[in-house]
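Remarks on the structure that follows.
The values are calculated or read from the model by the stated rules, or taken from the named source; none is laboratory data. Quantities reported herein were computed from a predicted structural model and do not represent experimental measurements. Neighbour counts run over all protein chains shown; Cβ positions are idealised from the backbone, glycine included. Calculation scope for accessible area: heavy atoms of the full protein, side chains included, ligands and nucleic acids excluded. Shrake-Rupley method; radii C 1.70, N 1.55, O 1.52, S 1.80 Å.
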Amino acid sequence: MKREVVITPRAQAEIENIFEYLELKWNEKIKKKFSNKINTIINLIIENPELFPVSNVNKKIRKGVISKQSALFYHFNSKHIIVLSVFDTRQNPTKINKIK
């Protein structure tokens, strides 16, 4: 049985902010490439939720690297994969402690 993917409001807002940044500073092609990377990571998680390593911050959260500048944080149960954050790794690393 496949798990349902749930993207939290926080993660959705972070994705939208990254998309806005990519449109403003780069172009639509780069934005599309980033979107494809997110989708690839999510599909890998759907196939094998334990694929990515446990986060150093919280042992219930896993971290999938999207790019050198971003990572997707999630946890899962028998029915859902919950995307908690799409974190810009150039931010202050202590902000990551707020992911729950």
Lys, Arg +1 and Asp, Glu -1 on Cβ, resulting dipole of the chain about Cα centre, debye, nearest 20: 260
If you stretched the chain out fully between Glu20 and Asn48, how much longer would it get, using 0.36 nm times the residue separation minus the C-alpha to C-alpha distance? 7.1 nm
For the stretch 75-89 and the stretch 32-46, compute the distance between their C-alpha centroids and round to whole Å. 13
Given labels modelled 7 Å from the Cα in the Cβ direction, how far is it in nm from Gln69 to Arg3? 2.9
In the stretch 1-74, what percent of the accessible surface is made up of carbon and sulfur (1.4 Å probe, ligands and nucleic acids excluded)? 53
What aspartates and glutamates does Lys60 reach when the alpha-carbon gap must be under 13 Å and sequence neighbours fewer than 8 apart in one chain are set aside? Glu50
Taking the dipole of the chain about the Cα centre (Lys, Arg +1; Asp, Glu -1; charges at Cβ), the one of Trp26, Val6, Ser78 that reaches farthest to the positive side is Ser78
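Just from its helices, what would the mean residue ellipticity at 222 nm be for the chain, if runs of 4 or more DSSP H residues each count -39500 (n - 2.57) and the sum is divided by every residue, rounded to the nearest 500 deg cm²/dmol? Walk me through the numbers before you get to the answer.
Details: 2 runs with 37 residues, N = 100.
Mean residue ellipticity, 222 nm, calculated: -12500 deg cm²/dmol.
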Largest-first principal axis extents, alpha carbons of the chain, Å: 39, 31, 22
